[in-house]
Amino acid sequence: QVQLVESGGGLVQAGGSLRLSCAASGSIRSISSMGWYRQAPGKQRDLVADIRGSRSTNYADSVKGRFTISRDNANNTVYLQMNSLKPEETSLYYCYVRVLPLVSYKYLEVWGQGTEVTVSA
């Protein structure tokens, strides 16, 4: 079993910042990639950013230059620093990890419950 615990969501004014955290725990052999998606009501879930290894990052075009994803491999934690937030970025933000469990030789994708981010105008 692998569990994800997300934190850091909340209410912020437009132009403000938030930092999301997601910690993975459980029977983990290794983690290949970690990342964040977001989903607004009535819309599809879209990639925000992901990180493979320690340095290979990928961002949605809409967040480049404002969001930074980072990873603490020792603690199986991924962070998303979000600056200059916009009202249209109000969404439920989901963490995911691609993990190799101790008892398997197949990678699994595990999703968090989501953390709410609300950006007021």
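Observations
- Most mobile of 12, 97, 78 in a GNM of the chain (Cα contacts under 10 Å): 12
- Only Lys, Arg, Asp and Glu carry charge here, each on its Cβ (+1 for the first two, -1 for the last two); on that basis the chain has a dipole of about 300 debye about its Cα centre.
- Taken about its Cα centre, region 57-119 carries a charge dipole of roughly 200 debye when the Cβ of each Lys and Arg holds +1 and the Cβ of each Asp and Glu holds -1.
- Among 27, 54, 62, residue whose mean-square fluctuation peaks in a GNM of the chain (springs only between Cα atoms under 10 Å): 62
- Springs join every pair of Cα atoms under 10 Å in this Gaussian network model of the chain, and among 75, 83, 58 the largest mean-square fluctuation is at 75.
- Correct option for Cα extents along the principal axes in Å [calculated from the coordinates] among (1) 49, 24, 23; (2) 48, 27, 22; (3) 41, 26, 24: (2)
- Around the amide H of residue 114, modelled in the peptide plane, lie the amide H atoms of 95, all under 5 Å away and 5 or more residues distant in sequence or on another chain.
- Percent carbon-and-sulfur accessible area, the chain, ignoring ligands, DNA and RNA, probe 1.4 Å: 46 percent
- As a length-normalised measure over Cα pairs under 8 Å and 6 or more apart, the relative contact order of the chain settles at 36 percent.
- Probe 1.4 Å, protein heavy atoms only - accessible area per residue of the chain in square angstrom: 54 Å²
- Among the chymotrypsin sites (Phe, Trp or Tyr not before Pro) in region 14-121, those placed in a DSSP loop whose Cβ has at most 13 other Cβ atoms within 10 Å are 105.
- Think of the chain as having a plus end and a minus end, set by charges on the Cβ of Lys, Arg, Asp and Glu; of 79, 20, 34, 34 sits farthest toward the positive end of this dipole.
- Low-density loop cleavage sites - trypsin sites (Lys or Arg not before Pro) in region 3-65, where at most 12 other Cβ are within 10 Å (DSSP): 43, 55, 64
- Cβ-derived FRET efficiency at R0 25 Å, residue 19 paired with residue 61, nearest 0.05: 0.70
- Mean-position separation - Cα centroids, region 18-68 and region 75-108, in angstrom: 4 Å
The values are calculated or read from the model by the stated rules, or taken from the named source; none is laboratory data. A quick note: this is a predicted structure, and the numbers were derived from the prediction, not measured. All Cβ positions, glycine included, derive from the backbone under ideal geometry; neighbour counts span all protein chains shown. With ligands, DNA and RNA removed, areas are computed over all heavy atoms of the protein, side chains included. Shrake-Rupley method; radii C 1.70, N 1.55, O 1.52, S 1.80 Å.
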